[in-house]
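All remarks here apply to the structure that follows.
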Protein chains: 6
Amino acid sequence: MTRSDGRAADQLRPVSFERGWLDHAEGSCLVSFGRTRVLVAASFTAGVPRWRKDSGLGWITGEYSMLPRATNTRNDRESVRGKVGGRTHEISRLVGRSLRAAIDLSALGENSIMIDCDVLQADGGTRTAAITGAYVALVDAIEWARGQGHVKATAKPIVNSIAAVSVGIVDGEARLDLHYDDDVAADTDMNVVMTGDGRYVEVQGTAEGEPFDRALLDQLLALAAQGCADLTELQKAALAS
Amino acid sequence: MTRSDGRAADQLRPVSFERGWLDHAEGSCLVSFGRTRVLVAASFTAGVPRWRKDSGLGWITGEYSMLPRATNTRNDRESVRGKVGGRTHEISRLVGRSLRAAIDLSALGENSIMIDCDVLQADGGTRTAAITGAYVALVDAIEWARGQGHVKATAKPIVNSIAAVSVGIVDGEARLDLHYDDDVAADTDMNVVMTGDGRYVEVQGTAEGEPFDRALLDQLLALAAQGCADLTELQKAALAS
Amino acid sequence: MTRSDGRAADQLRPVSFERGWLDHAEGSCLVSFGRTRVLVAASFTAGVPRWRKDSGLGWITGEYSMLPRATNTRNDRESVRGKVGGRTHEISRLVGRSLRAAIDLSALGENSIMIDCDVLQADGGTRTAAITGAYVALVDAIEWARGQGHVKATAKPIVNSIAAVSVGIVDGEARLDLHYDDDVAADTDMNVVMTGDGRYVEVQGTAEGEPFDRALLDQLLALAAQGCADLTELQKAALAS
Amino acid sequence: MTRSDGRAADQLRPVSFERGWLDHAEGSCLVSFGRTRVLVAASFTAGVPRWRKDSGLGWITGEYSMLPRATNTRNDRESVRGKVGGRTHEISRLVGRSLRAAIDLSALGENSIMIDCDVLQADGGTRTAAITGAYVALVDAIEWARGQGHVKATAKPIVNSIAAVSVGIVDGEARLDLHYDDDVAADTDMNVVMTGDGRYVEVQGTAEGEPFDRALLDQLLALAAQGCADLTELQKAALAS
Amino acid sequence: MTRSDGRAADQLRPVSFERGWLDHAEGSCLVSFGRTRVLVAASFTAGVPRWRKDSGLGWITGEYSMLPRATNTRNDRESVRGKVGGRTHEISRLVGRSLRAAIDLSALGENSIMIDCDVLQADGGTRTAAITGAYVALVDAIEWARGQGHVKATAKPIVNSIAAVSVGIVDGEARLDLHYDDDVAADTDMNVVMTGDGRYVEVQGTAEGEPFDRALLDQLLALAAQGCADLTELQKAALAS
Amino acid sequence: MTRSDGRAADQLRPVSFERGWLDHAEGSCLVSFGRTRVLVAASFTAGVPRWRKDSGLGWITGEYSMLPRATNTRNDRESVRGKVGGRTHEISRLVGRSLRAAIDLSALGENSIMIDCDVLQADGGTRTAAITGAYVALVDAIEWARGQGHVKATAKPIVNSIAAVSVGIVDGEARLDLHYDDDVAADTDMNVVMTGDGRYVEVQGTAEGEPFDRALLDQLLALAAQGCADLTELQKAALAS
């Protein structure tokens, strides 16, 4: 019972964060979880949407998309089909919700950050890579905004660090950070978004095949907690460099 | 610290299932969780979509929608806006996935069941009421199909019963089956879909405010397990009548 | 030459109005014409759309829709197809126009009422049931608004009562209130919307098969006038209860 | 009480039919009712849509549209807005229904005719001009098809001639063939589609202001019958030339 | 090697401009290049879109569309398909850009002109006919606006006259003003928009088959220059009449 | 009169081609023209669309898109807006047309290649970088297909190499390969697509400000020819490595 890429069951793929990959974006990061590569752009705008004016609060939202040939066979563009699919909507909302948990919106002030996550290549775990990389781009965008005076020098808008990982049951074994081969074979698939201090922001577990019992759920939660802790360390290192 | 409708923290709202509410649908159910009312229609069609032909497997899918005035203030129709929103997509997919966990698709044979969940009135927990009621309508549709000879007399397509409930943390207290007043006040909101024998089909927990720790997560999971067990009994009673 | 449901040619189906079926809507009514069931919600909003501001006049508009499994075989949702069909548009416009004939828009003041008619089950005559039920919901919404002070105590915005019925020629016989079996067999189909004092708001007659002559037209108009008068009495009784 | 263009109350505007205005279409007609000008193209195709195959019956359908600057102020294109409006849908359906009443679809055989009515200039009565002109283009398209052998030499697909006119009550006076100035002032507006032998295909009357009584309805029906008879003569003359 | 309509290789088709074809539009022109007929409406509006306010500059934009039966076989309407095709977009943008080159937008003042080009019949060269006719309609709309006082008596908003023609290589021969038969046979197709004094506004050449060399390009440019000069004379004559 | 990036007027930006940037695509290339970066994926599929079956010919088509934060300020996604803009359509069509000029479609056989050009970062010249890089990806996809036996060992589907460059007049000076700063200042902008042997596939010149005369056009054409020749050498080097 070995994984197709040779990893141990509780082992992350090689993870990298290339900060500042884009020249225009206030924060950006090309994040890789193995062969999964997501380009994240954090776009800062002074001001908030009309419905949020005079609230004293900022706004953070996310959009997730996949290039047509990110996957093994080509998918039609959602722009050409004329509508955004359910999966895209679902992940976009998850990205926004997850990153808002990082931020004290009143310390951000009436400023907006839009986080675009474009999957350049997909090999499983695109949403968790997107969220984990987005945290890095978000920090850079906020530091840029502080440098420009949009955010006060003394404000602390970043209150949590955020990382995400997928876990699943494959052939009865709990595995961390599923790549595509794991994913298609998994009976249960769970995405977990956690803070740097080990609390939960999102827990989404789905039985693809057999329903799972409480014991397996506990195994998966433990594995995810370890994975998010490891990712938190890697984020710290990337932001320190 | 009392709930606006006077319930105990671990108490379901009054639940009812009106089977056969529609004359045309092969299975139907008007399900109420308190003031939340969802009309479920299970439409049986012999045959499967083209991409599934000759697989020997059936197909079950779901669509969720809300009438414009189901809510306290009116929402524009998605048909008029010209696109289905992210939340609708997300719940439709959840309904389909959850109900497929009830069924052995090979025992169903190459037949399709479309489950429409239309929220006539919303007071929190519309997706969990929809799933719980959909199980009842689904059973009726399959028994209808058996009566018509579309499903073999000896086949056992129904392998699990399915119920769903929401739980959340309000003012630090774990509460079962959130109605609207609970929902807007909740720090954490979790929807849990379980089988009648207590296994998990879906676990979706979201920190709306503060991230939550493992202890709270365990409390919520326990409460949900109890709620789903109670709903399972109510489903059995409704199907027996 | 008998009707499939045993009615006399000039006989309405059993008609019922369940007022206040919805908790949130300012006026609501579950109306049944036999097996045809339409849920009407009248949503009151203080103020009018921008193009009507400072006119001193109110605004009333309607939307009609059918649940996917209201009919004998399931229809795709218009929200999923991404556009509203011609028939839906046509009936929505008819509902709005018909109900505006009930109202003195200057006595209503700068307030808006949106009337949603959702067909839960269809057995012919859905548009006439919708209009007839909508009048009941509209009266309740206006009385609610008067109670809240949005409409003056002395204002009389309701100037006509409105009822609608279908008539048609089936096998050469003029019939009142066509149900589905009548409808598919009808050569000519006419929908008539009338005031409580016997005047016309809309007359829409269509030869589905043979063109019809003036004598048949007169027969249909007479039958419709009688049917609308009967419905007017039933509305009065419902509003008095 | 005179009309802005000086006509008598029961007088049609100058009507003209320019047959064969288009080189490509199998039948075409530029029809004018006064300043209202509609270009009609009848496109013949051998064969019918899939759902009608092997029925032995033909198919006729219509589409109506208005150029953006047909009217006094410019309207946005429906193609640019991305959806067809309710009024356009409604009239397109009316055109198709009206013209199908002209034809014995079994004598037409499994052939399709699409009737496009594009309003180049609008001054009231665009739908009635469209239908009246469409009959002329339809006859030409069928004769073309007969010449090509698509319709049998002995077949008689044209069983009725079809004409349409609008009538209305303006300042208490019943008027024939409303132009724009009449139309905006009319209390009641009725469109009537009739066969050459004086039977009804469609009757659509709407109270724009006060509901109308039976006496006024009878007046309008009489006026429309006369107008349609006059248009029938003009069609005959045009087709004879 | 003769053209199907008997013209010399360097000969335009018969060209005509019917000014004032529409009663409502501020400027209009039915332009014919042989059997290609385009109805152009220039709609003048005082004021500019919001993003251009207080710039002191006017705005001119174009929309191009084709009636469904303008062509030999019928095309579906873009309004019905729900989206504007790439070719339509491309030509609409070209029309707007070309006509803006005619105008000093500051002399026009903060006024807008929308140019609608609707192809009633297509026989090749629809975009060049549209642009050439649009210039005539535009001049009339501006003179109308001057008459109304929207444009100053002394202002000279028209700084260039604009004409357009297509040229191409058919069977190795450079030909002017391609009609449909030329167009389908052409190896290279070029549309050229020029000012009355012989300068270029747009040059768009495409190798449909073999790539073309510089010598052929020079031949085409010379032919186009001559064609545009001829069209300029015809425009002058039309505007003088 | 110097360029903001210090280049000579006739100098290309640094150009690079990273072949095989994607793991899944049959051919891929990350192409850079200075800071403009486009990810090209060439997706090979055995077989052709239905309308092309049994023609013996292959099919090549292109799609162009820009990530929302490719530009200096963020643009909304076309998928979210629900329609593809005119500029996107125009460039997609240009990419497909240009690359088809590289290929003998009968030597390709009944196979399809879809070329996706996604602009990751935009600094002017995105369409010319896309086309130039697409040629490289296309060659790799065809060689892959030959290796798999989809294209015959002896077939020569690649008949031309294709490169593209923009040229323009800035401050009266003809400049090669416009970056963003040049582009916004340019009076005339021309995109030229050429074969490796110096023939034209597309010539698209637009006067953004003043119309341009023949002398300037000749200057631009000469500059473009030199630029395309240089790009052809760089493509050869990349493909040889």
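Computed quantities for the displayed model
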| item | result |
| --- | --- |
| Where E:D5 falls short, out of the listed (1) surrounded by fewer than 17 Cβ atoms within 10 Å (Cβ to Cβ); (2) under 22 Å from D:L30 (Cα atoms) | (2) |
| Within region A:78-123, tally of residues that are over 22 Å from A:S32 (Cβ atoms) and within 14 Å of chain B (Cβ to nearest Cβ) | 19 |
| Single match in D:L176, D:L120, D:L221, D:L217 (criterion: out of contact with any Pro (no Cβ under 7 Å at 6 or more places or on another chain), modelled with pLDDT of 95 or more and closer than 21 Å to E:R69 by Cβ) | D:L120 |
| Residue in region C:104-120 that is hydrophobic (A, V, I, L, M, F, W, C) and part of a loop (DSSP other than H, G, I, E, B) present | no |
| Matching residues in region B:162-178 - criterion: being surrounded by fewer than 22 Cβ atoms within 10 Å (Cβ to Cβ) and not acidic (D, E) | B:V170, B:G172, B:A174 |
| Scan of region E:40-53 for residues that are in contact (Cβ under 8 Å) with a residue 12 or more places away in the chain, over 16 Å from D:N75 (Cα atoms) and either under 21 Å from the mean Cα position of the chain (by Cα) or more than 14 Å from every other protein chain (Cβ to nearest Cβ) (or both), ordered by number | E:V48, E:R52, E:K53 |
| Wholly within region C:1-101, strands (runs of 3 or more DSSP E) carrying at least 2 residues that are more than 21 Å from C:S241 (Cβ to Cβ) | C:36-46, C:59-66 |
| Test set (1) in contact with a helix residue (DSSP H, G or I) (Cβ under 7 Å, 6 or more places away or on another chain); (2) closer than 11 Å to A:G227 by Cβ - A:T206 fails condition number | (2) |
| Some residue of region F:224-234 being within 30 Å of F:V48 (Cα to Cα) and either of a type outside the set (D, E) or over 15 Å from the mean Cα position of the chain (by Cα) (or both) | yes |
| Test: residue in region F:15-24 that is more than 23 Å from A:L67 (Cα to Cα) and more than 14 Å from every other protein chain (Cβ to nearest Cβ) | yes |
| Residue within region E:133-156 that is of a type in the set (F, W, Y) and more than 26 Å from E:G205 (Cα to Cα) present | yes |
| Enumeration of residues in region A:184-221 that are farther than 25 Å from A:A101 by Cβ and in contact (Cβ under 8 Å) with a residue 24 or more places away in the chain | A:D187, A:F212, A:L216 |
| Tally of residues being of a type outside the set (F, W, Y) and within 14 Å of chain A (Cβ to nearest Cβ) across region B:62-72 | 3 |
| Verdict on A:L12 being crowded, with 16+ Cβ neighbours inside 10 Å, within 14 Å of chain B (Cβ to nearest Cβ) and under 16 Å from A:A163 (Cα atoms) | no |
| Qualifying positions in region F:29-61 - within 22 Å of A:A122 (Cβ to Cβ) and either touching a Leu at 6+ places or on another chain (Cβ under 9 Å) or at pLDDT below 95 (or both) | F:C29, F:L30, F:V31, F:R37, F:V38, F:L39, F:V40, F:A41, F:A42 |
| Region F:152-161: number of residues that are within 17 Å of F:A102 (Cα to Cα) and surrounded by fewer than 23 Cβ atoms within 10 Å (Cβ to Cβ) | 6 |
| Check on C:R69, surrounded by 24 or more Cβ atoms within 10 Å (Cβ to Cβ), without any contact (Cβ under 8 Å) to a residue 40 or more places away in the chain and not aromatic (F, W, Y) | yes |
| Failed condition for D:A46, given (1) at negative phi; (2) buried (at least 20 other Cβ atoms within 10 Å of the Cβ) | (2) |
| Residue check, B:L57 among the aliphatic types (A, V, I, L, M), touching a residue at least 40 places away in the same chain (Cβ under 8 Å), more than 10 Å from every other protein chain (Cβ to nearest Cβ) and surrounded by fewer than 19 Cβ atoms within 10 Å (Cβ to Cβ) | yes |
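The values are calculated or read from the model by the stated rules, or taken from the named source; none is laboratory data. All of these numbers come straight from a predicted model, not from anything done at the bench. Please note: Cβ atoms are built from the backbone with ideal geometry, for glycine as well, and neighbour counts cover all protein chains shown.
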